[in-house]
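The values are calculated or read from the model by the stated rules, or taken from the named source; none is laboratory data. Keep in mind it's a predicted model, so treat the numbers as computed, not measured. No Cβ is skipped: glycine too gets one built from the backbone with ideal geometry, and neighbour counts run over all protein chains shown.
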Amino acid sequence: MEATGAELGYRVHPLSRLWDATKAVWTFYSRQPLGAFSLTVLVVFALMGILAPVIAPYPYAETDILHRLEGPSLKHPLGTDNLGRDVLSRIIWGARVEMLVGLGAVAISGFTGTVLGALAGYFRSRLDWLVQRYVDIQMSFPGIILLITIISMFQPGLIQVMVAIGILLIPAVTRVVRSASLAVSSMPYIEAARTLGAPAWRTVLRHVLPNVFPPVMVAVTTQLGQAILIEATLSFLGYGVPPPQPSWGALLGPEARKDMLKAPLLSVWPGLAIFLAVYSFNMFGDALRDVLDPRIRRAMSRSPLPRPFGQGHRRPEEKSRGHRPFPLPVGRRPRQPRY
Amino acid sequence: MTAYAVRRLLVIIPSLIAITLLVSLIIRLLPADAVMVLAAQQGFSEEADLDRLRHELGLDKPWHEQYWDWFSALFRSIPEGKVDLGYSLRTRRDIAGELKTRLPVSLELAGLALLMALAIAIPVGVISAVKRNSWADYIARSFAIMGVAVPGFWLATLVVVWPSVWWRWSPPSVFRPLHHDPIANLSFMWLPALLLSLYFVGFLMRMTRTMMLEVLTSDYVLTARAKGLPNLVIIVRHALRNALIPVVTVIGLQIPVLIGGAVVYETIFSVPGIGRLLIEAAQNRDYPVIQAINLIIAVVVVFLNLVVDMSYAVLDPRVRLAGGD
């Protein structure tokens, strides 16, 4: 892709910037169809969450005992639950809860993890050792058990769940940022900054942090999905966001399960919502990784899905061919061994 | 190798102590304690009664004293050949005895799930790599990413609900210990274990596939091919064995997730393991039980990680463990 005017340092007209941004989005949509699809799903969920009071057909806690456990109908597109509450409305409001928990948790883990990781990677001293021990210890412990232990101890609430999940997700971010920061800190431009007498805080803030930003974005996107999955699991076990606030996990929880055999479709919708959200965050994170960090080999990336043909990307396996005894003529593809 | 193991075990003791300290501190920070929960359930609320009960249970002491009592009792009991983890505030039963019946159940569930995951993931991963970019490969990879994103408890709910609606079939509900009745036990356990394994099938398969692809392009596989070895021998003996080493690492890293996941399935399928015990104890704020479970799980995780690390030496003769022979 050509460098844009702004990247080359020219002063550019704001409209031109807008044009560049539009082009970037378009490129993303055409190069990463799966990522783009996921982004669309996520935007829909986000809009559902933001506009919940407007678009939800019923208040989420409105019970209608005469019409309980009904199947899908025009009045209730996804049916009603065991208290006669409209399931579609509860899923729409649930999107708001899930998004809030996800964003809150990831804000905590992203910020703390980035700070810890960047400093540990830059200073490589006793601080690094401490940070690594912390990461090791927390990662070697089952997260859900830690969460149940913590949450059962406080009054349940949205904020508590958010903070607890946020804490749980810190080590993963720290680890990613630390290794990125280690790599960045040995770059010549960091040395140059040091040589010029830049104080450590300035070097970290102006040179290390911007360069560890791409992996942070990728980690944080994937973690949004994880946070939603964890919240749903907690709610399912009865430790998540407390009722009457609707959470997708609670829609499958012990209360809801009592009468599920009478209206089995109730077991489908909330799970589908969770699955779509988590799947989309994973796929979007993968697409983001490809866009932000083209150096990463596709073979090692987490997406096992095939890249759609005709997208102008080389197949991952061909990149990792390593040393070849004879230079091959340009333009001919090496023959793949047959197994 | 023994020296290595001993050294590793010595290093983990401080972190185990740190975990129990932290847990005991956190759980005592809260406003409502075990006595208040008990009182609310039994329906008495006289302040004097509560205080008497607290005194009886030793809850009126400062938390560091409580912790020390618990910890020193545990420490003293080990040389005598038993483990004293204290008594449940709720049932007044010996926690160690309770865990002795429950821990094997959880471990069986996790172990069975891991076995199933390996039995599915490795062959599928190998086929997916050998026949890469074929339809089999695409299908396997699509399922793999779904396995990671599908919430396990949703699948479990579906599995409980739909067969019952369609065929009036529901999973067996009575648990029998493995050593009493293996067949009844397995017919109870296979379903939760299979569901628990799905998540691991997903990424173990992807890992196996990636590693196989790397190995299959290596020089020694080319050599083996040049020697004219049959395909099966090349794939299984030369490629797979090398591809599996990183897979073992990933298993080690995922052990906590495996044990955590067991909690969810124990709840859904009423498996009497430590996960369910933890959830009951958390509802009742039964501190000693929560503390003991956290400690036991930490010990199990650390021990299993050690086993994984030592298995490198068996799998890969190039690996020498530092600090030993």
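A few points about this structure:
The rows are residues; the columns are (1) touching a residue at least 24 places away in the same chain (Cβ under 8 Å); (2) under 19 Å from the mean Cα position of the chain (by Cα); (3) under 27 Å from A:GLY35 (Cβ atoms).
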{"position": "A:ILE170", "(1), (2), (3)": "yes, yes, yes"}
{"position": "A:SER179", "(1), (2), (3)": "yes, no, yes"}
{"position": "A:VAL184", "(1), (2), (3)": "yes, no, yes"}
{"position": "A:ARG194", "(1), (2), (3)": "no, no, no"}
{"position": "A:ALA200", "(1), (2), (3)": "yes, no, no"}
{"position": "A:ARG206", "(1), (2), (3)": "no, no, no"}
{"position": "A:ASN211", "(1), (2), (3)": "yes, no, yes"}
{"position": "A:MET217", "(1), (2), (3)": "yes, yes, yes"}
{"position": "A:VAL220", "(1), (2), (3)": "yes, yes, yes"}
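- Pick from the stretch A:127-163, criterion more than 10 Å from every other protein chain (Cβ to nearest Cβ) and free of Cβ contacts under 8 Å to residues at least 24 places away in the same chain, ranking: farthest from A:ILE108 (Cα to Cα): A:TRP129
Residue-by-condition table, conditions (1) within 16 Å of A:LEU251 (Cα to Cα); (2) in contact with a strand residue (DSSP E or B) (Cβ under 9 Å, 6 or more places away or on another chain); (3) at pLDDT 80 or above:
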site: A:VAL54; (1), (2), (3): no, no, no
site: A:PRO57; (1), (2), (3): no, yes, no
site: A:GLU62; (1), (2), (3): yes, yes, no
site: A:HIS67; (1), (2), (3): no, yes, no
site: A:LEU74; (1), (2), (3): no, no, no
site: A:ARG85; (1), (2), (3): yes, no, no
site: A:ARG90; (1), (2), (3): yes, no, yes
site: A:TRP93; (1), (2), (3): yes, no, yes
site: A:LEU100; (1), (2), (3): no, no, yes
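- Screening the stretch A:83-198 for helices (runs of 4 or more DSSP H) wholly inside it with 3 or more residues that are surrounded by fewer than 19 Cβ atoms within 10 Å (Cβ to Cβ) and not basic (Lys, Arg) returns the ranges A:87-123, A:126-139, A:158-185, A:188-195.
- Residue within the stretch B:169-186 that is within 14 Å of another protein chain (Cβ to nearest Cβ), closer than 27 Å to A:MET283 by Cα and out of contact with any strand residue (DSSP E or B) (no Cβ under 7 Å at 6 or more places or on another chain) present: no
- B:SER164 being of a type in the set (Ser, Thr, Tyr) and modelled with pLDDT under 80: yes
- Among the residues of the stretch A:204-221, just one is modelled with pLDDT under 85 and of a type in the set (S, T, N, Q), namely A:ASN211.
- Candidates are the residues of the stretch A:210-220 that are of a type outside the set (A, V, I, L, M) and touching an Asp or Glu at 6+ places or on another chain (Cβ under 9 Å); the one that is surrounded by the most Cβ atoms within 10 Å (Cβ to Cβ) is A:PRO215.
- B:GLY125 vs. criteria under 19 Å from the mean Cα position of the chain (by Cα) and crowded, with 21+ Cβ neighbours inside 10 Å: no
- Taking first residues from the stretch B:212-224 that are more than 9 Å from chain A (Cβ to nearest Cβ) and partners that are exposed (fewer than 13 other Cβ atoms within 10 Å of the Cβ) and of a type in the set (A, V, I, L, M), the Cβ contacts under 8 Å between residues at least 6 apart in sequence or on separate chains come to B:ALA224/B:VAL233.
- Residues satisfying the stated conditions in the stretch B:102-111, i.e. surrounded by fewer than 21 Cβ atoms within 10 Å (Cβ to Cβ), under 22 Å from B:THR249 (Cβ atoms) and in contact (Cβ under 8 Å) with a residue 12 or more places away in the chain: B:LEU107
- Enumerated helices (runs of 4 or more DSSP H) restricted to the stretch B:21-116, each holding at least 1 residues that are modelled with pLDDT under 75 and within 14 Å of another protein chain (Cβ to nearest Cβ): B:34-42, B:63-77
- Those residues of the stretch B:112-151 which are among the small types (Gly, Ala, Ser) and free of Cβ contacts under 8 Å to residues at least 12 places away in the same chain, in sequence order: B:ALA119, B:SER134, B:ALA136, B:SER142, B:ALA149
- Those residues of the stretch B:266-285 which are under 16 Å from B:PRO151 (Cα atoms) and either in contact with a His (Cβ under 7 Å, 6 or more places away or on another chain) or within 11 Å of chain A (Cβ to nearest Cβ) (or both), in sequence order: B:GLU266, B:THR267, B:ILE268
- Odd one out for B:VAL289, checked against (1) under 30 Å from B:ASP69 (Cβ atoms); (2) surrounded by fewer than 21 Cβ atoms within 10 Å (Cβ to Cβ); (3) over 15 Å from the mean Cα position of the chain (by Cα): (2)
- Residues of the stretch A:226-241 that turn out to be over 19 Å from B:ALA281 (Cα atoms) and at pLDDT below 80, as a count: 1
Every residue, every condition in (1) more than 9 Å from chain B (Cβ to nearest Cβ); (2) surrounded by fewer than 23 Cβ atoms within 10 Å (Cβ to Cβ), yes or no:
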position: A:GLY225; (1), (2): no, no
position: A:GLU231; (1), (2): yes, no
position: A:PRO242; (1), (2): yes, yes
position: A:GLN245; (1), (2): yes, yes
position: A:ARG257; (1), (2): no, yes
position: A:PRO270; (1), (2): no, no
position: A:PHE275; (1), (2): no, yes
position: A:PHE284; (1), (2): yes, no
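- Within the stretch B:225-234, being outside any loop (DSSP other than H, G, I, E, B) and either surrounded by 15 or more Cβ atoms within 10 Å (Cβ to Cβ) or more than 9 Å from chain A (Cβ to nearest Cβ) (or both) holds for B:ARG225, B:ALA226, B:LEU232, B:VAL233, B:ILE234.
- Some residue of the stretch B:130-153 being of a type in the set (Phe, Trp, Tyr) and surrounded by 20 or more Cβ atoms within 10 Å (Cβ to Cβ): yes
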